[in-house]
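The values are calculated or read from the model by the stated rules, or taken from the named source; none is laboratory data. Computed from a prediction, not measured in an experiment: that's the story for all the values here. Reconstructed Cβ throughout: ideal geometry from the backbone, glycine too, with neighbour counts over all protein chains shown. Just the protein is used for accessible areas: all its heavy atoms, side chains included, with ligands, DNA and RNA removed. Shrake-Rupley method; radii C 1.70, N 1.55, O 1.52, S 1.80 Å.
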Amino acid sequence: MAEPKVKYDRQLRIWGEKGQAALEKASICLLNCGPTGSETLKNLVLGGVGSITIVDGSKVEVGDLGNNFMVDESSVGQSKAEWVCAFLQELNDAVKAKFIEEHPEELIETNPSFFSQFTLVIATQLVEDSMVKLDRICREANISLIFARSYGLMGLVRISVKEHTVIESKPDHFLDDLRLNDPWPELRRFAETVDLNTTDAVVHKHTPYIIILVKMAEEWANTHGGKLPSTREEKKQFKDLIKSKMITVDEENYKEAMEASFKVFSPQGISPNLQKIINDSCSEVDSNSSDFWVMVAALKEFIASEGGGETPLEGSIPDMTSSTELYVNLQKTYQAKAEVDFLVMEQRVKNLLKKINRDPASISQANIKSFCRNARKLAVCRYRLVEDEFNSPVQPELQKYLTDEDYGTLQEANTLKVLPENTAAGLYILLRAADRFAANYNKFPGQFDGEMDEDISRLKSTAVGLRNDLGCNGSAISEDLINEMCRYGASELHVVAAFVGGVASQEVIKLITRQFIPMSGTFIFNGIDHKSQLLLL
C-alpha cells in the first residue's frame, strides 16, 4: 500500500496533514447509493476518508446500469448497497467500508439514534418529509448533515448544521498583515537602520519595499500633521513621492513599493466580520464552550488591551526584491512580534480555561498558534433548520429570486425559448411541489408514460398552492419549467449526479477539515442553461 503522504500528495498541498488527519478520522454515512450518492462517496473514498457506511434497501435494477458506474449486469437483482460498497472498497483499501440493507426512510422513523455514531451524514434523494425528520435527528445529536439531490436536469445541495466554526478559512484574496499604517516600535527601529538616500546603487536597489513604505509613510506624516494619505489626490502624491526616490528606472523594489502603497492606506483595526464574531453571545464563555469560542474570548481581550485594536500579528511577509540579509532580518522582526502576541494570547486562553474550570492545557499550543495566524479570517456559519426554511423561507428573498428580471435561455428542438433567470427559484419551488405531488398521488410527476398532460396540470396546481402557502402568490412560474419538471419523471441522470456529487463531496471536505468556508443557503444547479445559484432562504 502506498505511503499516505505519497498517496495523497496532491490534496495534502491543499488542506495539509492536519486536514488529511481529520478526513482519516471521519466516519461518513450515506443514505441511498444511487448515482448521486455513489458519486459523492467515490470522491471521499479516493480522498481517504476513514470509514463509510452505506444505507440502501433497494436491489439493482436494469435501469441502474445506465446511470451508475458502480453496478454492472451481474449485479441485477442483488443488493445495491452491497455492490456499491464493494466497488468503493476496491478504489481505496485503506477506507473501512460497510453497508446496511435497509431503506433510509424506515431507519429515520424507527432508529434515530443510529445516526449519532457518525461524523457526518450525506442524505441523497430524500423527499421533503424525510429531510425534515433527519435534520431534527442530526441537530439533536450534533452531527453534520448534507442533503444532495439530482432530479432530471436539476440538482440541489444543502448543508444543515447548528454551527460550524472555521479558523483556516483560506480566502483567495486577503491583505497581507504588514501593519505599514501603524508600525510597532521594533519595526520602526529596524527601518531607521536603513538609509534610503544611500549612494550605493546596489544597496538602493535591494531595500525591501516594506522598509521603503514605512519610511515614506513616516516622511509623509511628518509634513501632513501626522496623517497618512486619504484622498485620491494625496494617494497619487504619495506614489509620486516614492517614485522621486528612484535613482534608476529599473529599480524593482521601488516599483513594488508603488504597487503596494495601498497597504499603507488600508484601514486600521479589525473587519466588520471579525467584530461581529467577537461581539457574538458565544464569546461569553462557560464550561460548555467550544475551544473556538474560548480562543475568540481571549482574542476579544487581546484586541481591547495588548493589541491596541488589532489582532495578533500573523508574522509572515510576502516575497519581495531585497538583499538576503535585509529580508531575513525583516522576517525575524515580524516573527518576533508574532511570537510575543502568541504568548500573550496563550496566557489569556489558559486564564480563561481556568476560570471556566477546564484544564488550562486542554487547548494545544499548535491550535492557539494557528488561531493567532488566522485571527483576521475567522468564520462562523449557522444554518436554519430545513423545517424552518420549508415552512417560512425568508419571504422577501424568495420573492426577489422569483421575480429576477435577468434572462437565461432554454434550447428546445430548433426553437429558442426565453426562460427567466429566476429558473433556480422556480426549480426549487417545483422540486418541493414534486414532493408534495408524490405525497398526494403516490408517484412523481411524469413518472409513468401516458399520464403526462394530467401530471402537468396537477403539478401546476400543486406548485401554485405551494407558492401561495409561501406567500409568493404574485410570482408566476414558467410553463416551460413545469413541462420540463414533468419530462424529468424524477430520473437521476448520471451527468447531473456526477456534478451534484462533486459539489456535495467538496462541501463535506470543508466541514470535516474545518478549512475553507462551506456554502450557505440552498445550492441549485440548473442543467438547462448550466448555471447555479445559492438561494439564501
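Before moving on, here are some points about what is shown:
- FRET efficiency, Phe448 to Leu65 (Cβ-Cβ, R0 22 Å, nearest 0.05): 0.60
- Ser113/Asn273 FRET efficiency (R0 41 Å; Cβ-Cβ; nearest 0.05): 0.65
- Residues with amide H under 5 Å from that of Ser58, placed H, sequence gap 5 or more: Lys80, Ala81
- Summarising the amide proton neighbourhood of Ala97: residues at separation of 5 or more, or on other chains, whose placed amide H is nearer than 5 Å comprise Ile52.
- Between helix 423-441 and the chain: long-axis angle, C-alpha atoms, 0 to 90°, nearest 10: 30
- Acute angle (nearest 10 degrees) that the helix 80-91 long axis makes with the longest principal axis of the chain, alpha-carbon atoms: 30
- Karplus-derived 3J(HN,Hα) values for segment 526-531, using 6.51 cos²θ - 1.76 cosθ + 1.60 with θ = phi - 60°, are 10, x, 5, 10, 6, 10 Hz; glycine and proline are entered as x.
- Charge dipole of the chain (Cα centre as origin; +1 on each Lys and Arg Cβ, -1 on each Asp and Glu Cβ, all else neutral): 1660 debye, rounded to the nearest 20.
- Applying 0.36 nm per residue to the separation of Asp240 and Asn288 and subtracting their alpha-carbon distance, the gain on full extension is 11.7 nm.
- Segment 212-267-segment 277-336 distance, computed between alpha-carbon centres (Å): 26
- Spatial separation of Cα centroids for segment 83-103 and segment 146-176, in angstrom: 25
- Computed 3J(HN,Hα) for segment 134-140, one whole-Hz value per residue from the Karplus formula 6.51 cos²θ - 1.76 cosθ + 1.60 where θ = phi - 60°, is 5, 4, 5, 4, 5, 4, 5, glycine and proline marked x.
- Taking the Cα centre of segment 118-198 as origin and assigning +1 to Lys and Arg Cβ atoms and -1 to Asp and Glu Cβ atoms, the resulting dipole is close to 500 debye.
- Backbone N under 18 Å from the Asp9 label point (7 Å along Cα→Cβ), restricted to segment 30-48: 47-48
- Accessible surface area normalised per residue over segment 62-124 is 52 Å², counting heavy atoms of protein chains with a 1.4 Å rolling probe.
- Taking each of Lys215/Lys235; Lys354/Lys377; Lys42/Lys510; Lys42/Lys80; Lys25/Lys377 in turn, the alpha-carbon distance tops 21 angstrom for Lys354/Lys377; Lys25/Lys377.
- (1) 1.19; (2) 0.98; (3) 1.43, with the label sought being that of the calculated Cα Rg over 2.2 N^0.38 Å: (1)
- Using a probe of 1.4 angstrom and keeping all protein chains present, the accessible surface of segment 248-289 works out to 57 square angstrom per residue.
- Computing FRET efficiency as 1/(1 + (r/R0)^6) for Asn222 and Ser370, where r is the C-beta to C-beta distance and R0 is 41 Å, gives about 0.60.
- Expressed as a whole percent, the accessible area of the chain that falls on carbon and sulfur atoms is 50 (1.4 Å probe).
- In the chain, the longest principal axis of the Cα atoms and the axis of helix 494-513 are about 40 degrees apart.
- Each peptide in 497-508, 526-537, 237-248, 371-382 was scored by the mean count of other Cβ atoms within 10 Å over its residues; highest first, the order is 497-508, 371-382, 526-537, 237-248.
- The slack between Asn473 and Lys332, meaning 0.36 nm per residue of separation minus the straight C-alpha distance, is 44.4 nm.
- Ligands, DNA and RNA are left out, and with a 1.4 angstrom probe the accessible area of segment 417-537 is 40 Å² per residue.
- Report summary: the helix-based calculation at 222 nm, which adds -39500 (n - 2.57) for every DSSP H run with n ≥ 4 and divides by the residues of the chain, gives -15000 deg cm²/dmol.
- With 0.36 nm allotted per residue and the present C-alpha distance subtracted, the Glu339-Lys96 stretch has 83.4 nm of extension available.
- From phi via Karplus (6.51, -1.76, 1.60), per-residue ³J(HN,Hα) for segment 158-172 in Hz, x at Gly/Pro: 9, 8, 9, 7, 4, 8, 10, 9, 10, 8, 8, 7, 6, x, 4
- Counting only aspartates and glutamates at least 8 places from Lys531 when in the same chain, those with an alpha carbon closer than 12 Å to its own are Glu421.
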